[in-house]
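Please treat every number below as a calculation from the coordinates, not as lab data. Computed from a prediction, not measured in an experiment: that's the story for all the values here. Heads up, the Cβs are rebuilt from the backbone with ideal geometry, glycines too, and the neighbour counts pull from every protein chain shown.
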Amino acid sequence: MSYNLLKGKRGIIFGALNEHSIAWKVAERAHEEGATFVLTNAPIALRMGELNALAEKTGSQVIGADATSLDDLNNLVEKSMEILGGKIDFVLHSIGMSVNVRKGKHYTDSNYDYTTKGWDISAVSFHKVMNVLYKKEAMSEWGSIVALTYMAAQRVFPDYNDMADNKAYLESIARSFGYFFGRDQNVRVNTISQSPTPTTAGNGVKGFGGFIEYAEKMSPLGNATALECADYTITMFSDLTKKVTLQNLFHDGGFSNMGVSETVMDKFVDQE
Ligand SMILES: NC(=O)c1ccc[n+]([C@@H]2O[C@H](COP(=O)([O-])OP(=O)(O)OC[C@H]3O[C@@H](n4cnc5c(N)ncnc54)[C@H](O)[C@@H]3O)[C@@H](O)[C@H]2O)c1
């Protein structure tokens, strides 16, 4: 269902890799809600070619950018404003990668070159994106910037590895940069902390299948899907949430406030 919530709004959407990606669903929903936007991803992801189908479906152009490169980001923002014909109303940062996870390094045995690369991609890239937008004054007044995060920033999930630290860093950047963006340009900055979701990044986490089932049984409303995350993100891009900023917003069916659920307890109670 469409409510025209983003009618006339212009955006940049980072991180759609394939149809499972949360950013993919956000792009589809933003299109349905009347937005125009540029799709971007790392050059290596573009080579897989899947993004072209989304671009065609949503009438969007694709611009490659490694989100760790200020040159790429400057080019992306300049070209996006040209293509879209004005300032940017919304930006989605939907980027995450841990080299330690990819290479199977245990948290207690991190390779620090991998750690550095991981936080640059997963957290500092958000600072770089905002730095470029802020300096160019590329955001419209009351524009909205959202990054996706996970609750391992606050609680221990052992197999989430150094992505937990990257997410804590990402959420802190949202608050710190969000202050200046709010004070100087009336732009809001938030993170959405999403349920475990079966995507390429999600499935890279060890034991993800069991974990997703556990979260499902802990959450009174069940896990939030990628499409539901997209719906929530659209509200954060809309004019209905103008005074929400510097927040980490849990979108997880209630998981983050649970201690234990009866369904989970039932697996441990003495059956005799
Ligand atoms: N899947 C989950 O369980 C889950 C839960 C909470 C939060 N998140 C977060 O949601 C976001 C999107 O992940 P997803 O689950 O849709 O997986 P995904 O694998 O579809 O998306 C991750 C994206 O990051 C991009 N990326 C990696 N390195 C990049 C770089 N240098 N420059 C630009 N882009 C780069 C990838 O190409 C990919 O498109 C991530 O921040 C992730 O941590 C995911």
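For the range 19-127, the residue among A55, A35, L84 whose Cα projects farthest onto the positive side of the dipole built from Cβ charges is A55. Here is the tail figure for the range 116-234: Cα pairs spaced more than 21 Å apart come to 44 percent of all pairs. Using only alpha carbons, the range 1-72 has a radius of gyration to Kirkwood radius ratio (Rg to Rh) of 0.98.
Based on C-alpha pairs under 8 angstrom that are at least 6 apart in sequence, the chain has a relative contact order of 19 percent. Stokes-Einstein diffusion for the range 150-200, with the hydrodynamic radius set to the Kirkwood value over Cα pairs and evaluated at 20 °C in a medium of 1.002 mPa s, equals 176 µm²/s. Compared with the dominant Cα axis of the chain, that is its longest principal axis, helix 208-218 is turned about 80°. In summary, the lysines within cross-link reach of K79, defined as a Cα separation below 20 angstrom excluding same-chain residues under 8 places away, comprise K9, K87, K128, K135, K136. The angle separating the long axis of helix 226-237 from the principal Cα axis of greatest extent in the chain is about 50 degrees. In the chain, the alpha-carbon atoms span a convex hull of 131 Å³ per residue.
Once the Cα atoms are used to define both axes, helix 22-32 deviates from the longest principal axis of the chain by about 50 degrees. Listed from fewest to most Cβ neighbours within 10 Å, the set L240, L76, L227 follows the order L240, L227, L76.
Using Cβ contacts closer than 10 Å as the measure, can you line up R175, R188, R102, R10 from fewest to most?
R102, R175, R10, R188
Calculated [222 nm] ellipticity per residue, helices only, for the chain: -12000 deg cm²/dmol; basis is -39500 (n - 2.57) per DSSP H run with n ≥ 4, divided by all residues, nearest 500. Under 10 Å, Cα contacts only: if you run a Gaussian network model on the chain, which one of F14, F157, F177 comes out with the highest mean-square fluctuation? Looking only at F14, F157, F177, the largest GNM fluctuation is found for F157. Temperature 10 °C, viscosity 1.306 mPa s: under these conditions the Stokes-Einstein estimate for the range 22-151, based on its Kirkwood radius over C-alpha pairs, is 101 µm² per second. Quick check on the range 104-170: what does the Kirkwood estimate of hydrodynamic radius come out to from the alpha carbon pairs, in Å? Here the Kirkwood hydrodynamic radius works out to 13.4 Å.
When peptides 146-154, 215-223 are ranked by their average number of other Cβ atoms within 10 Å per residue, the highest-first order is 146-154, 215-223.
Taking other C-beta atoms within 10 Å as the exposure proxy, V244, V101, V91 rank V244, V101, V91 from fewest upward.
About its Cα centre, the chain has a charge dipole of approximately 700 debye under the convention of +1 per Lys or Arg Cβ and -1 per Asp or Glu Cβ, with nothing else charged. When the Cα positions of P198, A153, S122 are compared along the charge dipole of the range 117-272, S122 comes out farthest toward the positive end, with charges on each C-beta of Lys, Arg, Asp and Glu.
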